[in-house]
Structures are given as C-alpha cells and as structure tokens.
Amino acid sequence: MQKVVQRRIAAEHQALRRAAKQKSKVDNAKEWNARWQAMSRGKQEGIYFKAEKHRRREEYEVGPQLAPRRDTGHLKETYGTVDPNVIQVPKLHWTQYKNFKSDFAVGDRVLVIKGKDAGKVGNVSEVSAESGFLRIIELRKADFHVPEYVRKENKDNRSILQQSMPVPWDHVRLVFPLRDQTTGHFEDVVLDKVDLRNAGWVERRSGLREYNKGQRFLPGVKTPLPWPKTDQAEKAEGYDDDTLRISVDETTHRPYLLQPPMPPSVIGELRNKYSIFRSRHEPEYIAKKEDQDRAAKHRENLASLVSTPLAELKEQRRQERLANPVELSEEQLARIGEVMAQEKQNAINKLSQQ
C-alpha cells in the first residue's frame, strides 16, 4: 500500500511542476504580447506626429493657396482621424504595473501640463490603475473612424465619432481647493506632488489582484486630501414574488457521516476509479495491498534466515567489534599529537616564507 501512496504523491508533484512550467510559459507570452502592444502603440503615435509635422511644414512653405487638398480619395472620410487602437487604453502586464500608484480618482479636477489642451482644467472621468492613463471630460478629444461592420453591429450610421484620448498621469497635475492662511478662503491649488500612504496593488491568496487607493496627503504635512465622493449603489427594490430571507437561510439538507451524499457508483464515476491521483480506495483494495505487503515482508524474512557459515562468522565478528570498540593507547595518542604539531609547524613555515 505504501507504493500506491508514494506513486500518488510523485504524480501530484510532477503535475504541480508541469502546471507551474506551463503557467510560466503562458505568463511570459502574455508579458511579451503586452510589451509588443505598448511598443506598437508608441510607434503608431510617432507615425501620426511625424506625418502631421511634415504636412504642417509643407503647407507653411507653399502657402494656403498652393497647399494640397488631402481629404480626397480614400482619405475623404478618414482624413484627420486616428486609429481606434490609439484611443484605447493600453493593457500592460502585471510586471509592468505592479508598482503603479495613482494620485487621481474619478471626479478629481486636474490640470493638463503637456500636449493638446495644455493649461486647461477638467474633471477625471476614468482612471486606469493597470495602465497609468486617465481620461478627462471634454478634453483631449479626438475623432476616429468607425468601420462599416461596427456601425451595423451597433446600429449607428455615424462614420466619425469623438472620444477622449487616454492621458498619461505624468501629463496632468491635481487641482485641489486649499484654505488660504491669510484670507481664510478656499482657493484652487495645483499640486505638483501628492504623498500617498497605504496605496498600491495587493495580491490575494486566491490569485486575484486588487488596487488599494489608500490615503493622500500634502507632502511634508498632515493635511489630508479626501478622495471624491462616489455615487452609492442603489438599493435593490423589493417585489412581492421575491424569496424571503427566512426561506434562503433555512437548512434543507443535513449531511450525515454514516450516509454517503450520493450512491457509491456515482462517486466512483466522478473521482475516476483508475486515476493515479486517487487518495481514497475501497476496503477490499486496501486489504489486498496490505496482504501483498505482508507477503513481501515474509519473503524478506525467509531470505534472512537462510545464511552460510561464512556469513554467520562475519556477522559474529561485526557484533564483537561493535560491543568492544578499539581504544587507543597512550603511545598512539602521543604519536598522533606529535604528527599534528609537526604539520602545524610546517604550515607556519610555508606562510612565513611567502
């Protein structure tokens, strides 16, 4: 029976190693895909900026009368629009965003300091802690072309839609009302830095990851910066045909230790009778394996009973040596001490010569 248990344990360990290896392989593929998508998005933005810079330079050199008309041909409907992939918030891998800490929340007022709409203040409509981007209401908007199959699916005939572009956290600053010490009135202050405490990603034992926004303060002081109030979830409305709470909490099934929850044949089908990972067996199978173990042990005992005179003599001498260990004499101990002292002196002489 011990061999059956060891075989099951070895199979479980092997399955765990195989699963860990497969998980690592899949995770590496996801990380590579996320990095490739982020790089592609950056390249696409670079292509837009480079092309627009070239067009502006050309129109400036030739003047408005000779400037080419670009909204023709296949660009008649899509000229001036951006790729929908650029509008979408990039999806990063866990290794890329595990150290992200957001100073912003939905409802905050922020100041744009870079790019389009720089110097304008708007309200945050979306914050993505997994990517390091946010969206601002009525700011950083861009037009994108909607393909025909998407229009048919959404039942919307508009070919051009407008949506706010994702803005990196580094391109905005938090605007918060603080009390002026001299006047006593609240004034909007642009905060270059916010002190976050107890914020960051938390990985649960179940494998799920949650973001804890923690608390934010002014750097160097204990002045808290409260988070915007969120809309509370509406309470569910009750109806006459709803199940009562007393009926939900009522115990309708009482399992017993002496009675199986289902027929034994069904249990055997569910747990796979011949599975190598099986840990519970029928009493008949256990008794059979124990009989085999006793028979094997009996055969080993029989083999030990049969011995030759030479083997018996060797065993007798071994027992005598164990019972009467050899003790060293005074002369032998003195000789060992002399050898150790001589070796020590030789080592010291070699070190002094070096």
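Quick note: the coordinates plus some simple rules give every number you see, no bench work behind them. Source: prediction; values computed, not measured. Here the Cβ is made from the backbone with ideal geometry for all residues, glycine too, and neighbour counts use every protein chain on show.
Here's the list of aspartates and glutamates a cross-link from residue 229 could span, going by alpha-carbon distance under 13 Å and ignoring same-chain residues fewer than 8 apart: 108.
Which chymotrypsin sites (Phe, Trp or Tyr not before Pro) in the range 5-89 pass both tests, a DSSP loop state and at most 14 other beta-carbon atoms within 10 Å?
On the way: sites: 32, 36, 48, 49, 60, 79; in loops: 79.
Answer in residue order: 79.
Measuring against 28 Å, Cα to Cα, the residue pairs 25/98; 101/152; 43/141; 43/116; 120/193; 98/193 contain 101/152 as the ones spanning a longer distance.
So what's the back-of-envelope 222 nm ellipticity for the chain, counting only DSSP H runs of four-plus at -39500 (n - 2.57) apiece and dividing by all residues, rounded to 500? Write down the numbers at each step before the final one.
Working: 9 runs with 149 residues, N = 354.
Computed mean residue ellipticity for the chain: -14000 deg cm²/dmol.
Given 0.36 nm per residue, what is the gain on full extension from residue 252 to residue 48 after removing their alpha carbon distance, in nm?
Additional length available on full extension: 66.9 nm.
In the range 1-68, what is the volume of the convex hull around the alpha carbon atoms, normalised per residue and reported in Å³?
Details: hull volume 3.4 nm³, N = 68.
Output value, Cα hull per residue: 50 Å³.
How much length would be gained if the chain were fully extended between residue 137 and residue 222, taking 0.36 nm per residue of separation minus their Cα-Cα distance, in nm to one decimal? The partial results should precede the final answer.
Numbers: separation 85, 0.36 × 85 = 30.60 nm, distance 3.07 nm.
Gain on extension, residue 137 to residue 222, equals 27.5 nm.
Partner aspartates and glutamates whose Cα lies under 20 Å from the Cα of residue 3, excluding those fewer than 8 positions away in the same chain, are identified as 12, 282, 284, 290, 291, 293, 300. Close amide H contacts of residue 172 (hydrogens built in the peptide plane, cut-off under 5 Å, sequence separation of 5 or more or a different chain): 113. Set against the labelled values (i) 14, 27, 25, 19, 13, 2, 0; (ii) 27, 53, 20, 1; (iii) 24, 44, 27, 4, P(r) over Cα pairs in 20 Å bins from 0, in percent computed from this structure falls on (i). Close amide-amide hydrogen proximity is noted between residue 145 and 82, each under 5 Å apart and 5 or more residues distant or on a separate chain (H modeled in the peptide plane; Pro and chain starts excluded). Once you order the gyration tensor axes a ≥ b ≥ c over the Cα atoms, which shape class does the range 119-256 get: rounded for a/c under 1.5, otherwise prolate or oblate by comparing a/b with b/c? Oblate, since a/c reaches 1.5 and b/c is not below a/b. Considering only 135, 245, 56, the mean-square fluctuation computed in a Gaussian network model of the chain, springs between alpha carbons under 10 angstrom, is largest for 245.
Counting other Cβ atoms within 10 Å of each Cβ, which chymotrypsin sites (Phe, Trp or Tyr not before Pro) in the range 186-273 have at most 14 and sit in a DSSP loop? Mind showing how you got there, number by number?
Details: sites: 186, 201, 211, 217, 239, 256; in loops: 239.
Taking the range 186-273 and a limit of 14 other Cβ atoms within 10 Å, the loop chymotrypsin sites (Phe, Trp or Tyr not before Pro) found are 239.
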